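Peer 1: Here it is: the structure, laid out below.
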Amino acid sequence: MPSSVAQSPLFPRGPGLGARLAIYLLISAALIVVDVRYRVLDSARAVAATALLPLQQVAQSPLALYRQVSGFFVQHAAMQQENAQLQQRQLAFAAALLRYRDLEQENLRLRKLLGAQARTPLKTRLASVVQMPRDPYSRTLTIDLGSAQGVRAGEPVIDELGLLGQVTRVYPYSSEVTLITNQDQPVPVMVQRNGMRAVVFGRGDDGVVDVRYLPHSADIKVGDTLVTSGIDGVYPQGLPVARVVSLDRSANHAFMQVKCAPLGGVDRYHQVLVVENVALPVPPAPVPAALPGPTPHKAVKR
């Protein structure tokens, strides 16, 4: 009786599994070579990508929604934290401003008592940083003010924390500023605690400047604040420059090794202030007193 179930032949005809795999691999390799060499599958790939684009967007929509929602909450939390920090800084600046006004009035009274000349007030211009150098060893930046706005070479540049550098090149509508951290950039300073004068040099690192050529017996301590001395005629007196962070008085060096951290935001460039150079009035030279001439002799009557 013939069976209704088809039975597989004892000796199947056709290629085996290994031969099929080899054939498929050869076909795949041939397609890859032809596509790479003659770009025959670009149209098919473009059609497939266009057809699958809606599916990809639908599949990625939950992830995109999650990113938007999480980004909103993260940004909101960051803005709240930044707002709290700004409020704290505003209160600190308000308290410092009150003390500054009191000290300014007291300083004015003392100067009047001593008959000293008052300091020239700083005149500044607000500028924005428009370009950073590509050279990692160059500590310069470009601002959006130039000779058309009255900027001149040599004018100091500051921020709300301290001195940043000075204008070294001026163009019609932009200027180049060399930072105090630039290699071997000198700034005459003095120790705010005792008035001792020194010179700060940059070393090409945004976070470090050096005080050089100080003897081992110099009266300087860790934590001292260095301000501009004003004796060079470029930087006004009293601008915060750096704070001493380490000292090395070992006898292995001819001079004391003083490492300082800049107070200005030399590594945070956004908006800066260009200080207009205002020369102090030069007192008139004293007029020499007239020397007494010879006393004329009177004629003696005989």
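Peer 1: Give the residue that is farthest from LYS259 (Cα to Cα), with candidates limited to residues of segment 200-224 that are crowded, with 16+ Cβ neighbours inside 10 Å and among the hydrophobic types (A, V, I, L, M, F, W, C).
Peer 2: In this case the residue turns out to be ALA218.
Peer 1: One residue is enough: does segment 102-120 have a residue meeting the conditions surrounded by 10 or more Cβ atoms within 10 Å (Cβ to Cβ), in contact with a strand residue (DSSP E or B) (Cβ under 8 Å, 6 or more places away or on another chain), of a type outside the set (Gly, Ala, Ser) and in a loop (DSSP other than H, G, I, E, B)?
Peer 2: no
Peer 1: Something else about it: Quick one: would you say ALA148 is without any contact (Cβ under 8 Å) to a residue 60 or more places away in the chain, in the same structural domain as ASP184 (by TED's automatic domain parsing), surrounded by 10 or more Cβ atoms within 10 Å (Cβ to Cβ) and in a helix (DSSP H, G or I)?
Peer 2: yes
Peer 1: Here's something else I'd like to know. Picking from VAL222, VAL227, VAL209, which residue would you name as being among the β-branched types (Val, Ile, Thr) and in contact with a Lys or Arg (Cβ under 8 Å, 6 or more places away or on another chain)?
Peer 2: Answer to the check: VAL209.
Peer 1: Only one of these conditions is not met by TYR173: (1) under 18 Å from the mean Cα position of the chain (by Cα); (2) outside any strand (DSSP E or B). Which number is it?
Peer 2: (1)
Peer 1: Still on this structure, I have one more. Do we find that ASP159 is among the acidic types (Asp, Glu), at positive phi, in the same structural domain as ILE143 (by TED's automatic domain parsing) and surrounded by fewer than 19 Cβ atoms within 10 Å (Cβ to Cβ) in this structure?
Peer 2: no
Peer 1: Moving on to the next point. With respect to the numbered conditions (1) under 26 Å from ASN277 (Cβ atoms); (2) in the same structural domain as TYR235 (by TED's automatic domain parsing); (3) of a type in the set (Asp, Glu), which one is the sole condition not fulfilled by ASP135?
Peer 2: For ASP135, the exception is condition (1).
Peer 1: Go over the candidates ARG193, ARG203 one by one and state the one that is within 18 Å of LEU247 (Cα to Cα), in contact with an Asp or Glu (Cβ under 9 Å, 6 or more places away or on another chain) and assigned to a strand (DSSP E or B).
Peer 2: ARG203
Peer 1: On to the next question. Could you figure out which of (1) under 17 Å from the mean Cα position of the chain (by Cα); (2) over 22 Å from ASN277 (Cβ atoms) isn't true of THR168?
Peer 2: Looking at each condition in turn, THR168 falls short on (2).
Peer 1: Sticking with this one: Show the residue pairs meeting these rules: Cβ distance below 7 Å; 6+ apart or different chains; first residue within segment 237-266 and closer than 22 Å to GLU155 by Cα and at pLDDT below 90; second residue of a type in the set (Gly, Ala, Ser) and part of a loop (DSSP other than H, G, I, E, B).
Peer 2: Qualifying pairs under 7 Å: GLN237/SER229; GLN237/GLY230; GLY264/GLY162.
The values are calculated or read from the model by the stated rules, or taken from the named source; none is laboratory data. Worth saying up front: this structure is predicted, and the values here are computed from it rather than measured. No Cβ is skipped: glycine too gets one built from the backbone with ideal geometry, and neighbour counts run over all protein chains shown.
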